Amino acid sequence: MESVAKMYIRVKPFLAVTLLQFISAGMAIISKFALNQGMSQHVLIVYRYAVATAVIAPFAFVLDRKVRPKLTFSVFAKIFFLGLLEPVIDQNLYYTGMKYTTATFTSAMCNILPAFAFLMAWICGLEKVSIRRPHSQAKVLGTTVTVGGAMLMTLFTGPMLNLPWTNRNTHQESTDAANEQDHIKGALMVISGSVCWSGFIILQAITLRSYPAQLSLTVLICLIGTLENTILALVIEWGNPTAWSIHMDTKLLAALYGGIVSTGIAYCVQGAIIKERGPIFVTAFGPLSMVLVAIMGSFILAEMISLGRVIGAVVIVGGLYLVLWGKSKEYGHDQHLITTSDTEKVAAAAVPTTAQHMPTPNHAIILTSTTSSNQDDHFVAIHHPSQNSVP
């Protein structure tokens with residue numbers, strides 16, 4: 001039983017981030033269906049974050065009552081920019097880009113996110129890179145392969161695969177409509193949104209250090225995002241009150257699913273993963289969502305899958321596993337250092353005080369405080385100069 005519990009602890013972050021990708025794929029399909037029925041993307045975003053705020057607020061009030069820190073001006077400023085980066089800029093660019101293209105195309109373009117997130121995390125000191133170590137090489141190579149696969153899936157079409165469950169007549173109508181769409185403009189919007197999303201991931205990781213109440217942070221981001229998006233939607237949809245009407249249809253489903261599942265639950269899960277494993281771990285699973293959208297889109301939206309997209313998906317999965325292998329090795333290395341440090345500190349504490357302060361030629365013990373890039377814990381690494389010195 002103990003081995004099963006340890007295994008569950010090890011795989012829990014992987015299961016959680018995989019769940020995030022299923023949630024994301026479901027949101028892409030439902031949102032595209034609602035947008036095809038004429039729903040305004042700006043109104044959809046407002047309803048989505050309003051629902052999320054209303055659902056999560058009671059839980060945050062009760063569960064974070066004892067751990068909620070004081071909301072300082074510095075923390076509020078970070079939360080304000082979090083609400084601007086993801087709920088407003090990223091979401092509006094993403095859904096507008098989706099209107100110009102398709103759900104599968106949008107998901108494929110979003111896979112450039114790991115490259116931006118990796119660079120931002122490296123610049124901000126949240127991701128460590130030691131190019132001589134195999135796990136760092138795997139992360140760099142895996143990110144490059146992932147982005148290359150996404151580009152291959154987008155730019156190389158190839159012959160269409162005749163799937164038996166895809167309705168040919170429906171596909172012909174969607175193809176004729178897609179020919180009129182500006183894919184370049186849509187791609188630029190999605191890429192710009194991915195840059196904002198990367199910044200959101202990094203800033204969220206920084207904010208969680210000073211404001212660790214995850215539910216309260218989620219509510220504040222959703223609330224600020226709702227207010228900012230409402231102002232934007234009122235300006236854009238001015239004189240069009242029918243854009244705000246909603247009935248028992250896919251539009252209502254998109255608002256409820258987006259607010260409760262895709263925003264509320266996903267934010268909480270994502271915040272917990274970021275706090276435990278770092279921001280790059282979350283973005284590394286992005287390609288999985290693209291594969292799911294491609295499969296689900298062929299069923300629900302009659303989007304036929306091309307050979308180029310299949311090849312690109314295979315390349316992306318290969319890059320994904322390279323990144324995950326590097327993250328797994330890095331995490332295990334950090335845990336080994338922490339465990340070794342704790343053991344040696346206990347052993348040092350057992351030595352008499354006089355012996356601890358006695359000079360030992362070529363065996364002086366130097367205590368260096370070090371911080372793991374993906375963890376908030378500080379550990380002490382003990383170095384023996386005699387190992388690297390000349391006798």
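Rule-based calculations on the coordinates, nothing more; no lab input. Keep in mind the model is a prediction, meaning the values are calculated, not measured. Glycine also receives a Cβ, built like all others from the backbone with ideal geometry; neighbour counts cover every protein chain displayed.
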> Given 20 Å bins starting at zero, what is the percent of C-alpha pairs of region 2-336 in each, up to the one with the largest pair distance?
Replying inline: 31, 58, 11, 0
> Label I311 and F81 with points 7 Å out from Cα along Cα→Cβ: what is the distance between them in nm?
Replying inline: 4.2 nm
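Please give the FRET efficiency for I295 paired with T18, using the beta carbon to beta carbon distance and R0 = 22 Å, rounded to the nearest 0.05.
0.90
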>> On a full-extension model of 0.36 nm per residue, what is the gain between W244 and E276, subtracting their alpha-carbon distance, rounded to one decimal in nm?
In response: 7.6 nm
> If the cut-off is a Cα-Cα distance under 24 Å, which lysines reach K78, setting aside same-chain residues fewer than 8 apart in sequence?
Replying inline: K66, K70, K128, K275
> Where does the charge balance sit around S192 when Lys and Arg score +1, Asp and Glu -1, over other residues with C-beta under 14 Å from its C-beta?
Replying inline: -1
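In the neighborhood of Y257, defined by Cβ-to-Cβ distances under 15 Å, what is the net charge if each Lys or Arg adds +1 and each Asp or Glu adds -1? Spell out each step's value before the answer.
Working: positive: K32, R48, K251; negative: D249.
It works out to a net charge of +2.
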